[in-house]
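The values are calculated or read from the model by the stated rules, or taken from the named source; none is laboratory data. Model, not experiment: these values are computed from the prediction. Note that each Cβ is placed from the backbone with ideal geometry, even for glycine, and that neighbours are counted across all protein chains shown.
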Amino acid sequence: MAEKVVLMPQKQPSEDLLVVDNLHVDFLNAERQVSAVRGVSLHLKKGETLALVGESGSGKSITALSILQLLPYAVRSEVTGSIRFGGREMIGAPESEMKRIRGNKIAMVFQEPMTSLNPLQTLEKQIGEVLTLHRGLGKAEVRTHVLELMKLVGLPTPEKRLNAYPHELSGGQRQRVMIAMALANDPDLLIADEPTTALDVTVQAQILKLLKDLQKRFGMALLLITHDLAVVRKMADRVCVMNKGLVVEAGVTKQIFDAPQHDYTKHLLASEPKGEPLGPSPDAPVVLEAKGVKVWFALRGGLLRRVVGHVKAVDGIDVTVRRGQTLGVVGESGSGKSTLGNAILRLVNSDGSIRFQGRELQGLAERDLRGLRKDIQVVFQDPYASLSPRKTVAKIIGEGLRIHDIGASTAERDRMIADILEEVGLDPAMRHRHPHEFSGGQRQRIAIARAMILKPSFVVLDEPTSALDMSIQTQIIDLLRDLQQKHDLAYLFISHDLKVVRALCDEIIVMQSGKVVEHGPAKQILTSPREQYTKDLLKAAFDVVADSDPAVPSSDMGTIHRIVS
């Protein structure tokens, strides 16, 4: 039976910047053909925002990549239909023409900044390359514009970060670098693939507000790919809802949200993290206790590269987590959340005491820590960077089983891998594929499966739902809660999504500039925060790009004008 499609009556724009007509994208291999995009049609004019929404694997990102002819080279693909930009046909256009368009007329912000940025080049080099390549600016002009772009996207102390590398930034800061690169040449069309996924709520509001002001001033079109429906409601003029490669419903944003017609659209709108945190029993033993944890990074300068100061990423923090408890760690990007988690995991050097089940971890040799790794697991923020591209999913998930000698045979281990894949919502038959064959959300579920298969007692969850669409977020939260109840797990949950924190965490610490500014029961902090910083986080989280938000200051708009003119 054919998929039902609902297209609301719309007035066709008189001058379209982008027209996609009956686009089909098929991935081919020796065994089968996968239809990733099936007859997608959409249009977009200058100054307009069109949102593509849908669950992971629905074909949103493949549609966007087709516009720039950036489909994966590792997979043989067949693209049919028509993609016209400014009246020019993009399908079949020569590479020389595409090079002139990419980064100049059409720019893209990718979902996973760590894999999009060059780990061997400084921020100044990478942002400046866009200006040099397309505008031929000199070194002094490039540095001036790079600094202005870094300021615009909210990177702190940009002068000190010109020579920084991507690994020295937080996930949110890396995403801001990507946005700065995309805006550098005043594109006619900006394709933003989950542009705020890695950003904390306050910076998310700032970035989205900045994009809206840029559109208003320069008439830039925005193709927004996101699973955050709150962002769609505030940002988009029109919406295309995608499911299994099809646009199943399209129309004006208000119509879609107020009166959805398709069952799938109704399903998306009804999806939101639900449920209550379980909380530990009153006599639950302490699983992890950290006292006075400090992580300071040296700043070096001068000819001899002497230490001239320190970045106090974590500055004297105490943490206690009991069995069955979920401690949430929230704060803006760069506040030290992930660094605290890495210190507890002994992945970065730190001062202070870290005790796991009564045993002091500081000072233990790696061979002694290895035996404890099974009980202390982690799910990282960026699943694509943390999954080996050369290994199949079965080998990635089963690696811990082999290292810790779990499972009596290869067949038993394979059964355990299949079971955990099913638990996290993936087809066990997909275990012989590689990470690049999965969507961002599916890769995150693979990362969760890798951690949970070892049945740990303590798990650090570093933004585990940030790359997931809303309905999958709900499933993952339910899964984490079920696993916690079944095995009495303790979680350290690092997140900027306060809606997810509300559903999973029974206690919260709020971090700012490496310090804890507020700590207490989740209900108390989320309903009656004491500190202004916490109040600002809550306002941004539940009022994304609010109409009452202040516009970008006139001085900032002047900076924008200098950069793009």
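Side notes on the structure shown:
- Taking the listed residues LEU65, LEU42, the one that is among the aliphatic types (A, V, I, L, M) and in a helix (DSSP H, G or I) is LEU65, with no other qualifying.
Residue-wise test of (1) of a type in the set (Gly, Ala, Ser); (2) at pLDDT 80 or above.
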site	(1), (2)
HIS145	no, yes
PRO158	no, yes
SER170	yes, no
MET181	no, yes
ALA192	yes, yes
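- Where ASN22 falls short, out of the listed (1) assigned to a loop (DSSP other than H, G, I, E, B); (2) on the phi > 0 side of the Ramachandran plot: (1)
- Unmet requirement for THR115, which otherwise passes all of (1) without any contact (Cβ under 8 Å) to a residue 40 or more places away in the chain; (2) in contact with a helix residue (DSSP H, G or I) (Cβ under 6 Å, 6 or more places away or on another chain); (3) hydroxyl-bearing (Ser, Thr, Tyr): (1)
- Extreme residue, farthest from ALA205 (Cα to Cα), among residues of segment 495-534 that are in contact with a helix residue (DSSP H, G or I) (Cβ under 7 Å, 6 or more places away or on another chain) and assigned to a strand (DSSP E or B): GLU507
- Test: residue in segment 324-332 that is modelled with pLDDT under 90, crowded, with 18+ Cβ neighbours inside 10 Å and either in a strand (DSSP E or B) or of a type outside the set (Asp, Glu) (or both): yes
- Subset of segment 98-128 [within 20 Å of ALA192 (Cβ to Cβ) and either surrounded by fewer than 17 Cβ atoms within 10 Å (Cβ to Cβ) or more than 21 Å from the chain's Cα centre (by Cα) (or both)]: MET98, ILE101, ARG102, GLY103, ASN104, LYS105, ILE106, THR115
Residues are listed down the side, and each one gets a yes or a no for (1) at pLDDT 90 or above; (2) of a type in the set (A, V, I, L, M); (3) in contact with a Phe, Trp or Tyr (Cβ under 9 Å, 6 or more places away or on another chain):
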{"site": "GLY352", "(1), (2), (3)": "yes, no, no"}
{"site": "ARG355", "(1), (2), (3)": "yes, no, no"}
{"site": "ARG367", "(1), (2), (3)": "no, no, no"}
{"site": "GLY398", "(1), (2), (3)": "yes, no, no"}
{"site": "SER409", "(1), (2), (3)": "yes, no, no"}
{"site": "ILE417", "(1), (2), (3)": "yes, yes, no"}
{"site": "ILE420", "(1), (2), (3)": "yes, yes, no"}
{"site": "LEU426", "(1), (2), (3)": "no, yes, yes"}
